[in-house]
1. Mind listing whichever residues of the range A:110-136 are within 10 Å of chain B (Cβ to nearest Cβ) and in contact (Cβ under 8 Å) with a residue 24 or more places away in the chain?
2. All but one of (1) over 13 Å from the mean Cα position of the chain (by Cα); (2) within 23 Å of B:Q6 (Cβ to Cβ); (3) of a type outside the set (F, W, Y); (4) more than 9 Å from chain C (Cβ to nearest Cβ) hold for B:E64; which doesn't?
3. Output the residue which, of all residues in the range B:44-57 that are within 25 Å of C:L100 (Cα to Cα) and within 14 Å of chain C (Cβ to nearest Cβ), is surrounded by the fewest Cβ atoms within 10 Å (Cβ to Cβ).
4. So is A:T78 among the β-branched types (V, I, T), under 17 Å from the mean Cα position of the chain (by Cα) and modelled with pLDDT of 95 or more or not?
5. Does B:A32 qualify as being away from chain C (no Cβ under 12 Å), in contact with a Cys (Cβ under 8 Å, 6 or more places away or on another chain) and touching a residue at least 24 places away in the same chain (Cβ under 8 Å)?
6. Can you pull out the residues in the range C:44-67 that are without any contact (Cβ under 8 Å) to a residue 24 or more places away in the chain and in contact with a Lys or Arg (Cβ under 9 Å, 6 or more places away or on another chain)?
7. Exactly one condition in (1) facing another protein chain (nearest Cβ under 9 Å); (2) in contact with a Leu (Cβ under 9 Å, 6 or more places away or on another chain); (3) buried (at least 23 other Cβ atoms within 10 Å of the Cβ) is false for C:L38; which is it?
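The values are calculated or read from the model by the stated rules, or taken from the named source; none is laboratory data. Computed from a predicted model, the values in this text were never measured in an experiment. Positions of Cβ are backbone-derived with ideal geometry, glycine not excepted, and every protein chain shown enters the neighbour counts.
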Amino acid sequence: MWVQRQLTLEPRSRGFHLITREITEALPELGAIGAGLLHLLIQHTTASLALNENASPDVRRDFETWFDSAVPERAPWTHRLEGPDDMPSHIKAALLGPSLTLPLSDGRLALGVWQGIYLCEHRDRGGSRSLVATAFGE
Amino acid sequence: MWVQRQLTLEPRSRGFHLITREITEALPELGAIGAGLLHLLIQHTTASLALNENASPDVRRDFETWFDSAVPERAPWTHRLEGPDDMPSHIKAALLGPSLTLPLSDGRLALGVWQGIYLCEHRDRGGSRSLVATAFGE
Amino acid sequence: MWVQRQLTLEPRSRGFHLITREITEALPELGAIGAGLLHLLIQHTTASLALNENASPDVRRDFETWFDSAVPERAPWTHRLEGPDDMPSHIKAALLGPSLTLPLSDGRLALGVWQGIYLCEHRDRGGSRSLVATAFGE
């Protein structure tokens, strides 16, 4: 069984946002997969997906602080045409990665209790973001 | 053909640990897959999985040194409730990622000669760690 | 439908190289997959795969600059046997990751307009690099 669908996420502020519920609600067919996988690709190069702590907003704020410090805007970037937040966003996106592959078990995501899906918006005004969701299994 | 199984890894010290053999021995069904994939998810947010050099312990020690320096415990973290090693562990885990997808070929993992699976334990006392292993193919 | 094939990439200079066309041309069978996934694994521990901006060469140069600065050769590495560029290459490779999983839709990679596949060559003389490509779908 294969399900493939384009999802659109509304614009978010720069930072790390929990989107687990938004993803699962957009894919009711997951309920029919006993054992399988869900693959998500964000079709952009300045935003990324991650899986991390789903409870404390402090954790997500600290992610933003660390990434801003590790990949600073004030650096001798060559690529500057699209603004100071652009080139750091490409690097942050590559470090975290554009996709997640997650197990499906008994019709649900088989995540740990504390795991949630993050949309990592690295740009100041990234606008809406497109995902391709592909689920398959038996 | 689909195989899905929960695996439990015994507690490890903080650092990078080679677990390739432990994984393959827990999944004898891989031998029946001619062409396919193995997906592993660690169901935690302060430990991660990676694929890297399977020979020299020095490499794994240098991984620990670099990650400790790049994501230091002594930093103005907001999230401190669970101890100084917790928030850095979340970030290290996101940088390395919670999952691996690996090709299966003729009943075996089709890795490079020097590649091995790392359990990356970022906490001082992470305890035992749960994985979901999903293998499929023909 | 499953396709699995070993690909060999010719030696590249240290840096980030766009290889999308090389990959798709080596896998004409992708055209027969209506909905599926393509998985790529680089079978090495000092080179990696990433998905990022496919237009400006400046972006790829800035990637090299940032990674060289974040994981410097001049550092107290324990593992030095294979030259000063070796240990940093292992860490860069783990940060970016050894594999990509990408959606296939109507016989083509369903990437964003600006997304391209990077071969990230972290060594000065990495030589040719082997990939395992696994495509499947319906």
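1. Filtering the range A:110-136 down to residues within 10 Å of chain B (Cβ to nearest Cβ) leaves A:110-116, A:118, A:120, A:136.
Matches in the range A:110-136: A:L111, A:W114, A:Q115, A:G116, A:Y118, A:C120, A:F136.
2. (2)
3. Start the filter on the range B:44-57 by keeping residues that are within 25 Å of C:L100 (Cα to Cα), which leaves B:44-55.
Narrowing further to those that are within 14 Å of chain C (Cβ to nearest Cβ): B:48-55.
Values: B:S48: 26, B:L49: 21, B:A50: 22, B:L51: 27, B:N52: 24, B:E53: 29, B:N54: 19, B:A55: 12.
Step by step, filter the range B:44-57, then rank; the result is B:A55.
4. On the way: among the β-branched types (V, I, T): yes; under 17 Å from the mean Cα position of the chain (by Cα): no; modelled with pLDDT of 95 or more: yes.
So A:T78 fails the test.
5. On the way: away from chain C (no Cβ under 12 Å): yes; in contact with a Cys (Cβ under 8 Å, 6 or more places away or on another chain): no; touching a residue at least 24 places away in the same chain (Cβ under 8 Å): yes.
In short, no.
6. Listed by number, the list holds a single entry, C:D58.
7. Only one criterion is unmet by C:L38, namely (1).
Okay, residues lined up against (1) in contact (Cβ under 8 Å) with a residue 24 or more places away in the chain; (2) within 25 Å of C:W2 (Cβ to Cβ):
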| position | (1), (2) |
| --- | --- |
| C:G36 | yes, yes |
| C:S69 | no, no |
| C:P76 | no, no |
| C:D86 | yes, no |
| C:D106 | yes, yes |
